[in-house]
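S.K.: Before we start, here is the structure in question, set down as structure tokens.
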Amino acid sequence: MPVLRNTIRAQRTVPRHRRNLLQNCDGSPAMEFAIVGPAFIALVLAVLYTALIFLAHQMLETAALAAARLLTTGSAQTLALANGHVGMSASDLKNTICNGTTGTDPNGQTITIPALLPPMLSCSRLTVNVSTANSYNVASTAAPTFTYNSQGVITSTNTGYNTQSGGDGQNQIVVLQLIYLWPTGVGPLGLNFVNQPNNNRMLVATSVLTTEAYSCNSAQSSC
């Protein structure tokens, strides 16, 4: 009889344990995260991936506006630099954008220009293009086409540096472009903003301006 009672008691206990096991939800958060977590993390990374590109572009736009001011006021065209140049060359303007510079204006005043490019952006990836236009038109602001060799090395940026279309350069329409190769790649969720070799995306900040009336430096015949 005791054996029979123990058998019946054990049979009654099994269903109760089964019900407790089915009602136990202690591991459900972990299971839910295992299902939803990877998709959520991928979404967050995709947002950051996109946001960084927009942030870099906004920084480039800010630098372009500041650099355009140098051309508008004639500082880039007339400043006497420590390297002996009177009026900035293409490399002088790029160096000023990247690192800042000091020079003397036509009035003999010392001008200090701080670095315009944010630390987040590298000068080695920056290209400066300055051209003139006869009128304000869309064609003048088209992005340049970089040429690469078979190894993906830039052989030509198709850019130039010209602040005068005739005369002394004053009251001229000038187009300034800052072109930056932002290192990127295929992002989460299949996002792909690559439009240049070596997993780069070309960012272009353009500023179109009309130069003000300014005085040439005494060492210049035209500016």
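S.K.: Report the percentage of all Cα-Cα pairs in the range 103-214 whose separation exceeds 16 Å, rounded to a whole percent.
M.R.: That tail contains 70 percent of the Cα-Cα pairs.
S.K.: Shifting gears a bit: Taking the Cα atoms of the range 37-95, what is the range of coordinates along each of the three principal axes, in descending order and whole Å?
M.R.: Taking max minus min along each principal axis of the Cα atoms, the range 37-95 gives 60, 21, 13 Å.
S.K.: So who's got an amide H within less than 5 Å of the one on TYR148, skipping anything under 5 residues away but keeping other chains? H placed 1.01 Å off N, in plane.
M.R.: Those lying under 5 Å, H to H, from TYR148 are THR155.
S.K.: Would you mind checking which residues have amide H under 5 Å from GLY100's amide H? H placed 1.01 Å from N; only 5 or more apart, or other chain.
M.R.: Answer set, sorted by chain and number: ALA115, LEU116.
S.K.: What FRET efficiency do you get for LEU55 and THR157 if R0 is 22 Å and r is their Cβ-Cβ distance, rounded to the nearest 0.05?
M.R.: 0.40
S.K.: How much length would be gained if the chain were fully extended between LEU45 and THR110, taking 0.36 nm per residue of separation minus their Cα-Cα distance, in nm to one decimal?
M.R.: Contour length minus the Cα-Cα distance gives 18.7 nm.
S.K.: Within the range 115-223, what whole-number % of the accessible surface is contributed by carbon and sulfur, with the 1.4 Å probe and all protein chains included in the calculation?
M.R.: The computed percentage sits at 48.
S.K.: What is the distance, in nm, between label points placed 7 Å from the Cα along the Cα-to-Cβ direction at SER124 and at TYR148?
M.R.: 1.7 nm
S.K.: Quick check: convex hull of the Cα atoms in the range 42-159, volume per residue, rounded to a whole Å³?
M.R.: That works out to 153 Å³ per residue.
S.K.: Also: Give the distance, in whole Å, between the Cα centre of the range 32-85 and the Cα centre of the range 145-223.
M.R.: Cα centres, the range 32-85 to the range 145-223: 15 Å.
S.K.: Can you give the accessible area per residue of the range 86-199, in Å², using a 1.4 Å probe?
M.R.: For the range 86-199, the solvent-accessible area averages 51 Å² per residue.
The values are calculated or read from the model by the stated rules, or taken from the named source; none is laboratory data. What you see is a predicted model, and the numbers here were worked out from it, not measured in a lab. So basically every Cβ, Gly included, is an ideal-geometry build from the backbone, and we count neighbours across all protein chains shown. Side chains are part of the model used for accessible areas, which takes the heavy atoms of the whole protein and leaves out ligands, DNA and RNA. Shrake-Rupley method; radii C 1.70, N 1.55, O 1.52, S 1.80 Å.
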